[in-house]
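Have a look at the structure below before the remarks.
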Amino acid sequence: MAVDEVLGDSFEEKQHQAAYVFDPLDEADGANRPAKRRKVSKAPNQQGAEEPDSWLTFQPLFGGSENEQCVRLRQQLFEKSWSQIDKRIQHILRKANESTLGDVASFLQATPDRASTDKIPSAFIITGPNLASQDLLFEQFSETLQIQVDAKVVRLRSGDASNLKAALKKIIHDVTARETDDENDQELAMGKDGRKYLNYDLEALYAHFKTKPRSHIIIAFQDSEAFESGLLSDLISLFSSWLNRIPFALLFGVATSVELFQARLLKSTCQCLYGDQFDVEQSSSIIEKIFKAAIAFSDAPLRLGSSLVNSLLERQRDQVSSIPVFVSSLKYAYMCHFYANPLTVFLSDDKKDDILQEEHFEAIRCLPSFRRYVETAIEKGEIEQARSLLDDNSQLREFLHDGIEGSRRWSLDILRKLKVLTVGGVLSTDFSEIYLDAISRGIDTDRIAEFTDSVKRLQPTDLTVFLNQVLDNLDNGDPSLGLDSWANENKDSHAFFTKALSTTKALQADAETKGNSLRSKYNGQTKVLRTTVIAQKVQLSHDTATLTREDSLYTELIDDLVRHLKETLHCDSAKDLCMNEIWLFDSKAPYKDVFIPRPRGVVERALSRPHDYLNCSCCETKGDQIVPGLPPVAILYQLYLETGSLINVADLWSAYYAIVGEENEEALEEQAALVLFYRGLAEMRAMGFVKQSRKKADHVAKLAWKGL
């Protein structure tokens with residue numbers, strides 16, 4: 001009360017004045033003003049009161065009878081599995097553009113003095129059409145350039161800069177932004193000399209720069225081609241006029257080409273820029289790396305099937321989807337498998353046997369792969385083993401454990417054999433294509449025959465490179481696939497390839513000593529075209545050139561190599577393994593429903609068969625029968641399908657009232673039916689089925705036909 005009385009008296013003393021002088025530096029009145037109180041919530045901390053299982057989002061399966069421990073374990077398996085995969089993906093995305101980041105930093109460090117050139121250093125980043133992946137790229141630029149070149153980076157998007165004033169506000173605010181929240185913008189609003197600055201005045205930025213100097217003030221136009229050309233020209237011209245006081249530098253994210261971007265700017269604006277072009281890694285190569293780290297990695301707990309992954313890659317190529325969308329699709333596939341498959345608890349290494357229920361074992365016995373295994377065992381006469389698996393849960397548990405371990409050995413085995421198939425570019429297909437084909441069909445005789453035919457035709461130099469790379473894979477593995485060295489596990493193959501390599505080098509040296517070129521009978525150079533003239537007729541025939549001793553020995557080496565590859569490269573497909581349903585997911589239905597929506601088909605089905613969604617007895621019909629219990633918009637849609645391009649509203653009302661009117665058991669009064677009719681017609685107009693006709697005032701035009 002005392003404070004209010006003092007303030008009231010001061011206001012009454014100044015009521016006769018025509019104007020007031022406001023001096024923010026005068027703290028005489030401010031000293032008596034009470035400190036602003038912080039609003040502190042008196043509500044108790046509810047984190048402690050939160051139930052321990054409130055984070056549980058998975059639902060019990062087996063008709064709701066699944067116990068809570070299994071539900072929690074499935075969710076933990078999903079979160080743990082995806083966290084490991086996501087860590088590898090983020091590492092790939094951050095390492096993808098390291099060279100570009102280093103080149104841009106070197107360019108900015110090597111820029112000449114701005115005062116002498118009077119030009120703004122500018123880096124044109126060719127990002128390609130994938131705009132969604134630019135966020136991470138420019139975030140990396142912001143983090144890297146602040147450290148390496150002592151710069152302050154401001155990221156501008158087209159949505160942040162509708163006009164020049166808004167763009168300047170954004171730039172000045174981000175440059176002068178404080179790291180702590182308890183300080184206000186008083187220094188920006190008024191300099192040390194007492195001058196006031198507007199929040200879009202570069203003089204304020206200059207005053208801040210004098211107190212905290214930097215080597216560069218970098219303005220990054222993330223989607224530069226989405227900016228208005230006039231706005232970009234005005235900004236560049238303004239930065240150029242301040243260049244002798246503020247060391248501006250510019251980054252432009254360009255999706256097309258520098259030439260097209262330059263054509264949008266004024267010639268006088270382009271003369272203010274001094275820059276270079278930098279290319280980033282294309283999304284196709286990044287997708288290939290993500291494919292290896294997330295899908296084909298050796299310790300991936302879940303194997304995604306070929307049909308699902310092919311649909312993801314096809315959508316990535318055809319629709320130029322962003323990398324985050326591809327990653328989200330993979331995460332959704334993982335979530336679907338762990339959410340809807342109760343048997344995924346067996347993928348855990350630290351599960352307790354006491355949490356397993358009888359439903360788990362019955363579900364295992366219902367798996368198609370398990371049934372095939374039991375039928376095969378019976379056909380082989382192994383009756384006792386089949387009976388124990390069907391009757392004894394302990395035997396089934398041990399068999400299941402061996403099956404999970406076998407699937408992990410199969411994953412390692414197929415990746416090691418694929419590394420041999422993809423060595424040296426012998427096959428002209430990508431790793432992803434070969435991997436998906438191996439998952440669906442295995443490494444069959446056709447694939448091996450295609451590979452060995454290419455190996456036969458290798459020149460000695462190419463064969464040396466091939467054998468060196470095979471031995472390097474055996475000795476060092478492949479970190480991108482999580483493969484360690486497996487030379488000790490395949491000592492026979494390692495010794496065979498080592499001997500073949502040394503023999504090839506020795507034969508090649510002997511042939512060069514004698515002045516010959518080493519070749520095998522499978523090379524095209526051994527085929528000779530022979531011409532014979534008989535009775536004034538020319539006959540052409542193919543013959544085989546004579547092979548030297550070294551050539552014969554080299555041919556024998558090729559035959560031994562092909563024989564060894566055929567014996568060691570065969571591998572079964574994923575679906576041939578027993579209980580693959582636990583660790584293999586190949587369903588496209590959930591992915592299509594979420595990432596490729598079909599709104600029109602869903603709306604047409606809802607209007608044609610509302611019982612599918614409402615699940616009520618009043619909407620249940622046989623075929624396309626129209627009953628009064630249907631929603632009004634569904635009845636109108638059925639009548640709508642029978643009309644032409646122009647619909648008479650009066651006729652439509654008559655047909656509608658004949659269905660819901662007084663002739664039926666649950667008849668509606670005419671006024672109530674008319675209200676429902678108007679509402680249904682308005683809903684059809686809102687969904688885009690009809691519109692007002694310009695030809696006839698009492699008609700509506702039909703806009704959509706079912707199935708078209």
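Some values worked out for this structure:
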{"quantity": "Cα-based Rg of region 97-280 normalised by 2.2 N^0.38 Å, two decimals", "calculated": "1.00"}
{"quantity": "Length gained when the stretch Asn516-Gln319 is fully extended (0.36 nm per residue, less Cα-Cα span)", "calculated": "65.5 nm"}
{"quantity": "Spin-label model distance (nm) - Ile596 vs Ala650, 7 Å beyond Cα toward Cβ", "calculated": "4.8 nm"}
{"quantity": "Span per principal axis, largest first, for the Cα atoms of region 276-409 (Å)", "calculated": "75, 34, 24"}
{"quantity": "Leu639 versus Gln282: modelled label distance in nm, points set 7 Å from Cα along the beta carbon direction", "calculated": "5.8 nm"}
{"quantity": "Paramagnetic reach from Asp576 in region 428-442 [backbone N under 20 Å; point 7 Å along Cα→Cβ]", "calculated": "433-442"}
{"quantity": "FRET efficiency, Lys352 to Glu139 (Cβ-Cβ, R0 60 Å, nearest 0.05)", "calculated": "0.90"}
{"quantity": "Extension reserve of the Ser106-Arg245 stretch, reckoned as 0.36 nm per residue once the Cα distance is removed", "calculated": "47.8 nm"}
{"quantity": "Cβ-placed point charges (K, R +1; D, E -1), dipole of region 353-478 about Cα centre in debye, nearest 20", "calculated": "560 debye"}
{"quantity": "Distance (nanometres) between label positions extended 7 Å along Cα→Cβ at Leu260 and Lys165", "calculated": "3.4 nm"}
{"quantity": "Around Asp492: net Lys/Arg minus Asp/Glu count, Cβ-Cβ under 12 Å", "calculated": "0"}
{"quantity": "Of Lys95/Lys499; Lys456/Lys499; Lys196/Lys267; Lys170/Lys292, those spanning more than 29 Å from alpha-carbon to alpha-carbon", "calculated": "Lys95/Lys499; Lys196/Lys267; Lys170/Lys292"}
{"quantity": "Residues listed by number, region 236-255, amide nitrogen under 15 Å from Gln148 label point at 7 Å toward C-beta", "calculated": "251"}
{"quantity": "Size of charge dipole - region 599-702 - debye, nearest 20, with Cβ of Lys, Arg +1 and Asp, Glu -1, no other charges", "calculated": "840 debye"}
{"quantity": "Cβ-Cβ FRET estimate between Gln271 and Lys95, R0 fixed at 45 Å, reported to 0.05", "calculated": "0.75"}
{"quantity": "Pairs beyond 24 Å (Cα-Cα), from Lys351/Lys491; Lys331/Lys588; Lys289/Lys566; Lys380/Lys491; Lys80/Lys351", "calculated": "Lys351/Lys491; Lys289/Lys566; Lys380/Lys491"}
{"quantity": "Packing-based exposure ordering (other Cβ within 10 Å, fewest first) of Trp705, Trp242, Trp410, Trp583", "calculated": "Trp705, Trp242, Trp410, Trp583"}
{"quantity": "Stokes-Einstein D (µm²/s) once Rh is taken as the Kirkwood radius of region 599-702 over alpha-carbon pairs, at 20 °C in 1.002 mPa s", "calculated": "151 µm²/s"}
{"quantity": "Length added when fully stretched, Val675-Asp299, from 0.36 nm per residue minus Cα-Cα", "calculated": "129.1 nm"}
{"quantity": "Spatial separation of Cα centroids for region 627-641 and region 459-505, in angstrom", "calculated": "71 Å"}
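Here, each number is a calculation from the coordinates, and none is a lab measurement. Here the structure is a predicted model, which means the values were calculated and not measured. Note: ideal-geometry Cβ built from the backbone for every residue, glycine included; neighbour counts use all protein chains shown.
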